Amino acid sequence: MIELGSRERNQPPPPHIVWESLANPWRPGGRRWLDLRPDEVEPRILQAVKPELVVWSSLWPERPDDEIRFDIRPAENGCALCWTLLTPGEAPEQAVIGHLRYRLNFLINAQLRFSFGQ
């Protein structure tokens with residue numbers, strides 16, 4: 001797998017809460033934070049190890065083999081959440097990589113974080 005991008009930021013809740021939000025973003029009574037665009041699809045959970053790891057399938061139909069890995073670890077005042085975008089094939093053009101990284105960063109470090117009131 002080739003890493004196309006990665007970013008780690010702290011999230012306010014403990015690891016098990018962030019894990020639940022990533023492992024089941026549409027659960028009844030859960031926070032609504034994963035707002036997909038028309039060119040995106042709901043991710044499938046490829047792997048999950050509570051409370052430290054969630055791996056999603058791609059959000060983008062034109063890049064079906066990509067994966068998004070979330071590593072979660074305890075940190076002061078919550079947890080550290082690192083997303084990593086991976087592809088088994090060749091890396092796309094830099095403009096495409098920039099768009100994918102921006103979108104993941106927005107979903108995780110804005111939408112998810114804001115759902116926790118931060």
>> Of everything in region 1-37, what is basic (K, R) and either under 19 Å from D66 (Cα atoms) or at pLDDT 95 or above (or both)? Give them in sequence order.
In response: R7, R9, R37
> How many residues are farther than 19 Å from P88 by Cα and open to solvent by less than 90 Å² (accessible area, probe 1.4 Å) when one looks only at region 42-52?
Replying inline: 3
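Does L59 fit the bill of being in contact (Cβ under 8 Å) with a residue 60 or more places away in the chain and either closer than 23 Å to Y102 by Cβ or within 12 Å of the chain's Cα centre (by Cα) (or both)? Let's see the steps before the verdict.
Working: in contact (Cβ under 8 Å) with a residue 60 or more places away in the chain: no; either closer than 23 Å to Y102 by Cβ or within 12 Å of the chain's Cα centre (by Cα) (or both): yes.
Taking the combined requirement at face value, the residue does not satisfy it.
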>> Out of everything in region 101-118 that is farther than 18 Å from V54 by Cα and in contact with a Phe, Trp or Tyr (Cβ under 8 Å, 6 or more places away or on another chain), what residue ends up being surrounded by the most Cβ atoms within 10 Å (Cβ to Cβ)?
In response: S115
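In a strand (DSSP E or B), open to solvent by 10 Å² or more (accessible area, probe 1.4 Å), farther than 14 Å from S6 by Cα and not aliphatic (A, V, I, L, M), is that true of R63?
On the way: in a strand (DSSP E or B): no; open to solvent by 10 Å² or more (accessible area, probe 1.4 Å): yes; farther than 14 Å from S6 by Cα: yes; not aliphatic (A, V, I, L, M): yes.
When the stated conditions are applied, R63 does not pass them.
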>> Here's a check for you: in region 85-100, which residue that is closer than 19 Å to D35 by Cα and within 12 Å of the chain's Cα centre (by Cα) is surrounded by the most Cβ atoms within 10 Å (Cβ to Cβ)?
In response: L85
> When only residues in region 1-41 that are more than 13 Å from L112 (Cβ to Cβ) and either in a strand (DSSP E or B) or among the small types (G, A, S) (or both) count, which is most open to solvent (accessible area, probe 1.4 Å)?
Replying inline: E3
> What's the number of the condition C82 fails, among (1) of a type outside the set (V, I, T); (2) open to solvent by 20 Å² or more (accessible area, probe 1.4 Å); (3) more than 18 Å from W33 (Cα to Cα)?
Replying inline: (3)
>> So, A80, is that one touching a residue at least 60 places away in the same chain (Cβ under 8 Å) and either in a loop (DSSP other than H, G, I, E, B) or among the polar types (S, T, N, Q) (or both) or not?
In response: no
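The values are calculated or read from the model by the stated rules, or taken from the named source; none is laboratory data. Source: prediction; values computed, not measured. Quick reminder, even Gly has a Cβ in these numbers, built from the backbone with ideal geometry, and neighbours come from all protein chains shown. Areas reflect the complete protein model, heavy atoms only, side chains present, ligands, DNA and RNA absent. Shrake-Rupley method; radii C 1.70, N 1.55, O 1.52, S 1.80 Å.
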